[in-house]
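Heads up, the thing below is written out as structure tokens.
The values are calculated or read from the model by the stated rules, or taken from the named source; none is laboratory data. Bear in mind the structure is a predicted one, so any value in this text is a computation, not a measurement. Backbone-built Cβ (ideal geometry, glycine too); neighbour counts: all protein chains shown. Please note that ligands, DNA and RNA were not included when accessible areas were found on the heavy atoms of the full protein model with its side chains. Shrake-Rupley method; radii C 1.70, N 1.55, O 1.52, S 1.80 Å.
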Amino acid sequence: MENTYEVGTDIVSWCTKCKLMLDHTISALVDALPKKVKCKTCNGHHNYREKEPEKKTPGTRKTKKSEYQILMAKVDEGGLSGAKKYSIKGNFKANQMIEHATFGIGFISSVINRSKVEVIFENGTKRMVQNR
Ligand SMILES: [Zn+2]
């Protein structure tokens, strides 16, 4: 059976104001298809929309957490009390948390050698000296 539309009859349309699929009344036809509808809920006049429009949701795209944020989340569980003040004379171990005067809280991601460590800071990974 073919659908025939008539002005004044009911149709379910996407309401651009209520943002819901709702009962509407057809108020104008174009080529025998509903063109304009009137919302029974808000009385708004708008174009007929058969379906809910595709959502443009750039906001829902998950932002990838940085390595620093992941580490920070782990640390939050245990608190920041374990941070050791950074000094070039210090001797650091992997996974140790340090506090740097300029870069802030950092994590020793690896010990490169006796005199160098790799540290993850909020602004990126830096190589720092140790055991000077
Ligand atoms: Zn409405």
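Based on alpha-carbon atoms, the Kirkwood radius and the radius of gyration of the chain give Rg/Rh equal to 1.55.
The residues 7, 119, sorted by heavy-atom accessible surface at 1.4 Å with ligands and nucleic acids left out, run 7, 119 from largest to smallest. Modelled spin labels at residue 88 and residue 73, positioned 7 Å past Cα toward Cβ, are 3.7 nm from each other. With 0.36 nm allotted per residue and the present C-alpha distance subtracted, the residue 115-residue 102 stretch has 2.7 nm of extension available.
In this label model, residue 95 and residue 49 are separated by 5.2 nm, measuring between points 7 Å along each Cα→Cβ vector. In the chain, the longest principal axis of the Cα atoms and the axis of helix 67-78 are about 80 degrees apart. For the chain, what does the relative contact order come out to in percent, with C-alpha contacts under 8 Å and a separation of six or more? Reported as a whole number, the value is 14 percent.
In the structure shown, the pairs 89/116; 65/93; 19/65; 65/116 are assessed against 21 Å; a Cα-Cα span above that value is assigned to 65/93; 19/65; 65/116. Per the Cα gyration tensor, the range 67-129 maps to an equivalent ellipsoid with semi-axes of 18, 12, 11 Å, ordered largest to smallest.
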